[in-house]
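Have a look at the structure below before the remarks.
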Amino acid sequence: MQKTTILTDIEGTTSSISFVKDVLFPYARAKLPDFVRRHGHEPDVRRWLDAVAIEISASACQDAVIVETLQGWIDEDRKHTALKALQGMVWDAGYRDGDFTAPLYPDVAPALRDWHAAGHPLAVYSSGSVPAQKLLFAHTDDGDLTPLFSGFFDTEVGGKREAGSYRAIADRLGTSPGDILFLSDVVAELDAAREAGLRTALLDRREDYPQPRTGAAANGHMRVESFADIDVAA
């Protein structure tokens with residue numbers, strides 16, 4: 001019998017929205033200028049800086065302008081591939097230096113371990129870059145959880161509110177959409193996943209959503225407040 005594959009979002013689903021907004025974003029914003037000064041000549045960094053320069057019609061040598069643009073995008077929470085890649089590099093240094101670890105909701109790690117032990121493949125789909133996803137799960141308060149996952153996906157596979165993205169993920173995972181359960185706190189993402197044939201669960205955590213999203217607000221998606229409430233077999 002085919003085991004359900006569990007595909008999870010991160011922000012607002014496994015980790016508090018406040019961790020990303022109040023810890024990771026400000027850290028990247030503050031560290032970017034020095035990071036670019038020290039590493040801007042390295043090819044893996046330069047390619048992303050040049051991509052931003054082309055987009056904003058700035059000279060490739062105007063790193064100060066590029067950094068200022070990136071900081072503005074952080075303030076806007078813009079979902080830009082170059083920004084996500086550079087943020088991930090800055091966060092990598094922060095994790096390795098012990099400046100922070102990634103807190104998970106207390107129900108998350110036990111559920112992930114139980115699902116993995118029961119043979120359910122686990123994967124991540126987040127707007128944050130794949131390297132940033134791996135960094136987060138490698139440095140959680142519950143230890144390194146990356147061995148539990150068999151796939152990581154970001155917006156390079158497509159937008160999270162586009163049904164085609166979920167079909168592409170199912171194809172890459174080598175499973176049918178109906179055998180995937182997608183977990184997210186964003187109804188519009190769940191709508192897209194459902195359109196692609198995935199099963200869905202709305203994480204409606206009180207810490208992030210004080211007003212319960214029930215009835216029409218859940219738009220027909222299974223609503224849970226914790227990973228412990230999820231019936232994987234349903």
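The values are calculated or read from the model by the stated rules, or taken from the named source; none is laboratory data. Just so you know, these numbers come straight off a predicted model, no measurement behind them. Counting neighbours? That spans all protein chains shown, and the Cβs are built from the backbone with ideal geometry, glycine included. Surface accessibility is based on the protein's heavy atoms, side chains included, excluding ligands, DNA and RNA. Shrake-Rupley method; radii C 1.70, N 1.55, O 1.52, S 1.80 Å.
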| field | Top-ranked residue of segment 129-144 - restricted to ones that are in contact with a helix residue (DSSP H, G or I) (Cβ under 6 Å, 6 or more places away or on another chain) and in contact (Cβ under 8 Å) with a residue 40 or more places away in the chain, ranked as surrounded by the most Cβ atoms within 10 Å (Cβ to Cβ) | value | 132
| request: Give me the pairs, please: first residue somewhere in segment 185-212 and farther than 20 Å from residue 111 by Cβ, second residue anywhere and part of a loop (DSSP other than H, G, I, E, B), beta-carbon distance under 6 Å, and either six or more positions apart or on two chains. | output: 187/219; 188/161; 192/161; 192/162
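Tell me, which residue of segment 149-164 that is part of a helix (DSSP H, G or I) and more than 19 Å from residue 83 (Cβ to Cβ) is least open to solvent (accessible area, probe 1.4 Å)?
Taking the candidates together, the pick is 163.
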| task | Considering (1) under 30 Å from residue 175 (Cβ atoms); (2) surrounded by 21 or more Cβ atoms within 10 Å (Cβ to Cβ), say which one residue 3 fails and leave the rest. | result | (2)
| request: Test residue 32 against the stated conditions and say whether it is outside any loop (DSSP other than H, G, I, E, B), touching a residue at least 60 places away in the same chain (Cβ under 8 Å) and open to solvent by less than 40 Å² (accessible area, probe 1.4 Å). | output: no
| query | Counting just the residues of segment 45-76 that are in contact (Cβ under 8 Å) with a residue 40 or more places away in the chain and in contact with a Lys or Arg (Cβ under 8 Å, 6 or more places away or on another chain), which one comes out surrounded by the most Cβ atoms within 10 Å (Cβ to Cβ)? | reply | 74
| said: Residue under question is residue 92, and the condition is that it be surrounded by 16 or more Cβ atoms within 10 Å (Cβ to Cβ) and either modelled with pLDDT under 95 or outside any loop (DSSP other than H, G, I, E, B) (or both); does it hold? | reply: yes
| task | Run residue 172 past the list (1) among the basic types (Lys, Arg); (2) in a helix (DSSP H, G or I); (3) crowded, with 21+ Cβ neighbours inside 10 Å and report the number of the one that doesn't hold. | result | (3)
